[in-house]
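Here's the structure, in structure tokens; my notes come after.
Bear in mind these aren't lab numbers, they're just calculated from the coordinates by the rules spelled out. This one's a predicted model, so the numbers in the text were calculated from it and none came from an experiment. No Cβ is skipped: glycine too gets one built from the backbone with ideal geometry, and neighbour counts run over all protein chains shown.
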């Protein structure tokens with residue numbers, strides 16, 4: 001299991017335990033279901049079984065919401081893969097909000113206009129923001145950043161900074177992406193699994209400027225975490241095919257007024273309830 005706790009420095013220290021408990025909530029992050037990956041796009045029966053098991057488990061937990069952080073399918077042009085992902089998504093309880101973000105496999109390599117348009121036609125959005133219980137949540141389309149899709153990236157950056165600037169009265173600011181901005185350290189070398197250094201520093205400066213507590217990402221197919229200042233970068237393993245020591249599973253994130261706690265569970269060890 002991969003676990004971390006983020007504490008907000010020197011705030012809310014006088015809050016009572018009762019108040020903290022009553023304001024607490026939790027959500028679930030799933031990443032990289034990637035329908036079609038395990039059988040080289042020939043079929044997706046294994047992914048179906050795994051995601052249905054995950055949905056059955058999460059329906060018992062009743063989280064505040066669920067976020068899928070990209071690579072929803074393995075081949076963005078495969079309508080059957082998309083339809084199967086959407087079908088199982090429909091099994092989640094209707095009262096539980098569900099948000100999805102694109103991964104690199106949900107587009108072509110260059111995030112062409114055709115691929116971006118197809119994604120928007122299918123899902124309706126590629127980024128989001130909302131507030132829940134005095135916490136601001138933002139979901140980003142990081143494939144456009146990695147692919148250097150300049151106009152789309154700049155438009156998203158302006159929007160994100162505006163949302164962050166207007167969220168400073170919230171207890172927390174939490175971001176979701178597919179690509180981690182870094183895996184372990186903010187100055188690590190460029191690789192397939194992170195955002196290039198030429199872009200990374202500017203974003204991390206903004207995250208610290210606007211007091212972003214944490215970002216939850218996928219793409220790596222294993223669990224990892226790192227930090228830069230007060231900003232915590234948390235990468236969650238895959239619902240389809242993990243590459244690290246952790247098995248297939250998902251992450252449960254608890255949000256308190258003064259801290260955020262996160263733990264990854266494999267599908268065979270999902271708790272029957274979440275205590276706050």
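Report the residue count in region 162-184 for those that are in a loop (DSSP other than H, G, I, E, B) and closer than 20 Å to residue 235 by Cα. Number satisfying all stated conditions: 8.
So, in region 47-71, of the ones that are touching a residue at least 40 places away in the same chain (Cβ under 8 Å) and farther than 24 Å from residue 127 by Cβ, which residue ends up surrounded by the fewest Cβ atoms within 10 Å (Cβ to Cβ)? Filtering region 47-71 for residues that are touching a residue at least 40 places away in the same chain (Cβ under 8 Å) and farther than 24 Å from residue 127 by Cβ, the one surrounded by the fewest Cβ atoms within 10 Å (Cβ to Cβ) comes out as 60.
Looking only at residues of region 130-145 that are more than 21 Å from residue 24 (Cα to Cα) and in contact with a helix residue (DSSP H, G or I) (Cβ under 7 Å, 6 or more places away or on another chain), we find that the one that is surrounded by the most Cβ atoms within 10 Å (Cβ to Cβ) is 143.
All of 216, 181 fail the test of being in contact with a helix residue (DSSP H, G or I) (Cβ under 6 Å, 6 or more places away or on another chain), crowded, with 23+ Cβ neighbours inside 10 Å and at negative phi, apart from 181. Would you confirm whether or not region 96-105 contains a residue that is exposed (fewer than 14 other Cβ atoms within 10 Å of the Cβ) and within 21 Å of residue 220 (Cα to Cα)? So far as region 96-105 goes, no, none of its residues is exposed (fewer than 14 other Cβ atoms within 10 Å of the Cβ) and within 21 Å of residue 220 (Cα to Cα).
Do we find a residue being surrounded by 19 or more Cβ atoms within 10 Å (Cβ to Cβ), in contact (Cβ under 8 Å) with a residue 60 or more places away in the chain and touching a strand residue (DSSP E or B) at 6+ places or on another chain (Cβ under 7 Å) anywhere in region 151-170? No, every residue in region 151-170 fails to be surrounded by 19 or more Cβ atoms within 10 Å (Cβ to Cβ), in contact (Cβ under 8 Å) with a residue 60 or more places away in the chain and touching a strand residue (DSSP E or B) at 6+ places or on another chain (Cβ under 7 Å). A Cβ distance below 7 Å, combined with a sequence gap of six or more or placement on separate chains, defines the contacts here; from region 120-134, residues that are without any contact (Cβ under 8 Å) to a residue 40 or more places away in the chain reach residues that are surrounded by 17 or more Cβ atoms within 10 Å (Cβ to Cβ) and assigned to a loop (DSSP other than H, G, I, E, B) in the pairs 120/126; 126/102; 126/141; 127/140; 127/141; 131/170.
Give the residues of region 228-239 that are touching a residue at least 40 places away in the same chain (Cβ under 8 Å) and surrounded by fewer than 18 Cβ atoms within 10 Å (Cβ to Cβ), sorted by residue number. Passing the criteria: only 230.
Please specify each residue of region 253-270 satisfying the condition of being loosely packed, with under 15 Cβ neighbours inside 10 Å and touching a strand residue (DSSP E or B) at 6+ places or on another chain (Cβ under 7 Å). If the condition is that a residue be loosely packed, with under 15 Cβ neighbours inside 10 Å and touching a strand residue (DSSP E or B) at 6+ places or on another chain (Cβ under 7 Å), then 266 is the only one that fits.
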